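The values are calculated or read from the model by the stated rules, or taken from the named source; none is laboratory data. The model shown is predicted, which means the values in this text are computed figures rather than measured ones. Methodologically, a virtual Cβ is constructed for each residue, glycine included, from the backbone with ideal geometry; neighbour enumeration extends over all protein chains shown. We work out accessible area using only protein heavy atoms, side chains counted, and drop any ligands, DNA or RNA first. Shrake-Rupley method; radii C 1.70, N 1.55, O 1.52, S 1.80 Å.
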Amino acid sequence: MPRKLYLETVGCQMNMLDSELIVGSLRRHGYELTQAAEDADVVLFNTCSVRQHAEDKIYSALGRLRHYKNKHPDTIIGVLGCMAQKDQDLIKKRAPHVDIICGTGQLAQLPTLVKSAQQTGTLQIALSLDRTESRHDVERSFESYDPMRDPSMRPNRFQAYVRIMIGCDKFCTYCIVPSVRGPEQSRHPEQIAAEVRQLASEGCKEITLLGQTVNSYHNGTSRLADLLARIHDTPGIERIKFITNFPKDITDDLLQAVRDLPKVCPYLHVPAQSGCNVILKRMKRMYTVEFYRDMLARCRALVPGVAISSDFIVGFCGETEDSFEKTCELVRAAKFKNSFIFKYSPRPGTRGHELFEDDVPEDVKKRRNNDLLALQNAASLQDHRRFIGQRVEVLVEGPSKNAWKQDGAGPVQLTGRTRTDHIVVFDGNPRLAGQSMLIDIADATSFTLYGNVVTGEQIGVETEWCEMPAENRTRITLPLIG
């Protein structure tokens with residue numbers, strides 16, 4: 001009988017891709033996925049440490065399993081990823097029933113760790129983030145993952161993530177990522193191109209290139225613009241995206257590639273984090289508000305119709321009402337497609353936690369979060385309504401969360417995205433999933449466009465699409481890296 005695996009994932013797209021690789025690896029060792037931890041022989045948690053809430057969620061789940069583990073001692077429980085890398089001693093203290101603690105750089109060892117835990121009954125620990133690791137070792141590690149992807153872990157078979165680099169060397173004072181993901185190192189472009197070709201052969205039409213600061217990619221003389229050109233003509237691939245970008249690494253050659261390569265989507269996620277220079281300096285973001293505004297102008301000048309989204313942290317150490325108002329001013333002026341807004345959460349192990357007092361009260365953080373979100377939502381609604389009456393190209397992803405009609409009759413409500421990553425909802429046949437369709441937009445909210453399929457207008461990648469005016473940007477809600 002196949003052994004059962006339960007895997008719970010918390011965090012960003014990087015963790016989602018890690019989970020796909022984990023499942024692919026363990027399937028090759030005779031495991032099948034189950035939807036309930038209590039049915040599993042192996043229970044794994046792929047964790048996130050960016051915010052305290054994500055860690056609390058994992059400790060709660062581990063606590064619920066303590067009694068079960070006592071009754072079923074042969075069940076293997078593992079904590080993987082960022083929490084494991086950062087807090088192995090705390091995990092051992094708070095969850096002594098855990099059998100495996102495996103960091104972000106050792107996930108390829110999981111089959112061996114599981115087998116050892118089963119045979120010996122002792123805690124298995126695999127942690128290392130050596131900044132002296134050679135490029136050969138890094139590329140060999142990547143190669144160990146590439147053949148082990150598991151398509152069943154993706155939202156659908158038409159879209160997939162491709163990791164092009166690991167780690168981060170920016171060391172923003174609020175961020176734990178350099179400590180848990182290790183040094184910034186980039187894959188060889190041919191490895192990436194081969195993985196893209198493999199995904200295309202499996203029916204994938206859209207790929208998203210992943211990196212903590214994806215536009216910092218460099219391998220020899222190859223930069224992100226070169227990589228985009230290298231994979232652009234892969235047969236079967238219709239759309240190419242990349243996240244997340246660092247503002248100072250938005251170069252003209254990258255913007256020209258976005259503009260000139262038809263398959264590269266005109267969408268950039270470029271976190272600002274604050275609109276106040278004093279706070280940006282405390283965050284060690286290495287740019288000013290003036291630089292960021294100039295970067296936005298350059299993006300829109302070189303890539304007509306580009307959609308730009310951002311991230312903001314409110315309540316960072318030392319943020320005054322005047323500092324916060326400057327952030328509001330940036331959001332009002334920038335007209336982002338969307339903004340992901342978070343309350344500052346102190347992370348032990350970061351420079352911010354060591355250097356600065358967390359001096360903004362929680363109720364003030366919550367108010368600022370709500371105020372900034374309201375500003376963004378109002379701007380999003382105004383911009384979104386400009387789509388009404390327009391025709392857009394949508395890659396159909398499948399049924400929406402509210403897919404079925406209440407009476408069980410009629411077409412299914414489908415969802416998809418435009419080339420600028422706007423969410424569109426419309427009625428249609430589920431068999432449209434994976435196809436590019438033209439949709440006439442009839443209504444809009446701050447988060448979603450609503451429309452109708454243009455009958456008989458399935459289109460392919462070679463068909464011309466309706467370009468979006470530069471002002472058409474809105475807000476979506478998805479976890480992003482960094």
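Summary table below
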{"read-out": "Coordinate range along principal axes, alpha carbons of the stretch 242-359, Å, largest first", "value": "47, 29, 20"}
{"read-out": "Dipole in debye (nearest 20) - the stretch 178-326, about Cα centre, beta carbon charges: Lys, Arg +1; Asp, Glu -1", "value": "100 debye"}
{"read-out": "With DNA, RNA and ligands ignored, accessible area of residue 393 (1.4 Å probe; Å², nearest 10)", "value": "20 Å²"}
{"read-out": "Listed pairs 57/170; 284/365; 57/241 exceeding 25 Å between Cα atoms", "value": "57/170; 57/241"}
{"read-out": "Estimated FRET transfer efficiency (residue 454, residue 233; beta-carbon r; R0 41 Å; 0.05)", "value": "0.90"}
{"read-out": "Separation of the residue 53 and residue 94 label points, Cα + 7 Å toward Cβ, nm", "value": "1.6 nm"}
{"read-out": "Inter-site label distance for residue 359 and residue 278 at 7 Å from Cα along Cβ, in nm", "value": "0.9 nm"}
{"read-out": "Potential extension, residue 70-residue 386 segment - 0.36 nm per residue separation minus Cα distance", "value": "107.9 nm"}
{"read-out": "Heavy atoms of residue 355 accessible to a 1.4 Å probe, total area in Å² rounded to 10", "value": "100 Å²"}
{"read-out": "The chain: antiparallel DSSP beta bridges as a percent of all, rounded to 5", "value": "40 percent"}
{"read-out": "The stretch 173-189 - phi-based ³J(HN,Hα) in whole Hz, Karplus 6.51/-1.76/1.60, Gly and Pro as x", "value": "5, 8, 10, 8, 4, x, 6, 9, 10, x, x, 6, 9, 10, 6, 5, x"}
{"read-out": "In Hz, Karplus ³J(HN,Hα) per residue of the stretch 215-223 (6.51, -1.76, 1.60; θ = phi - 60°; x = Gly, Pro)", "value": "7, 8, 3, 7, 9, x, 8, 8, 10"}
{"read-out": "Fraction of accessible area attributable to carbon and sulfur, the chain (%, probe 1.4 Å)", "value": "51 percent"}
{"read-out": "Residues whose placed amide H lies under 5 Å from that of residue 4, excluding near-sequence neighbours", "value": "32, 41, 42"}
{"read-out": "Charge context of residue 368, other residues only, Cβ under 13 angstrom, K/R +1, D/E -1", "value": "-2"}
{"read-out": "Nearest-20 debye value, the stretch 1-66 charge dipole, Cβ charges on Lys, Arg, Asp, Glu", "value": "80 debye"}
{"read-out": "Prolate/oblate/rounded label for the stretch 1-127 (Cα gyration tensor, a/c 1.5)", "value": "rounded"}
{"read-out": "MRE, 222 nm, helices only [DSSP H, n ≥ 4, -39500 (n - 2.57), over the chain, to nearest 500]", "value": "-10500 deg cm²/dmol"}
{"read-out": "Dipole magnitude of the stretch 151-194 about its Cα centre (Cβ charges: Lys, Arg +1; Asp, Glu -1), debye to nearest 20", "value": "220 debye"}
{"read-out": "For the stretch 47-105, with +1 on Lys and Arg beta carbons and -1 on Asp and Glu, the positive-most of 83, 100, 52 along the dipole", "value": "52"}
{"read-out": "In Å, descending, principal axis extents of the Cα set of the stretch 207-271", "value": "32, 25, 20"}
{"read-out": "When the convex hull of its Cα atoms is projected in every direction, mean area for the chain (nm²)", "value": "23.6 nm²"}
{"read-out": "Per residue accessible area in Å² of the chain, where ligands, DNA and RNA are left out and the probe is 1.4 Å", "value": "42 Å²"}
{"read-out": "Amide H contacts of residue 444 (H built 1.01 Å from N, under 5 Å, at least 5 apart or other chain)", "value": "450"}
{"read-out": "Placed amide H near residue 162: partners under 5 Å, 5+ positions off or other chain", "value": "208, 209, 210"}
{"read-out": "At R0 = 41 Å, FRET efficiency that the Cβ-Cβ distance of residue 194 and residue 125 yields, to 0.05", "value": "0.80"}
{"read-out": "With all protein chains modelled, accessible area of residue 226 [1.4 Å, Å²]", "value": "70 Å²"}
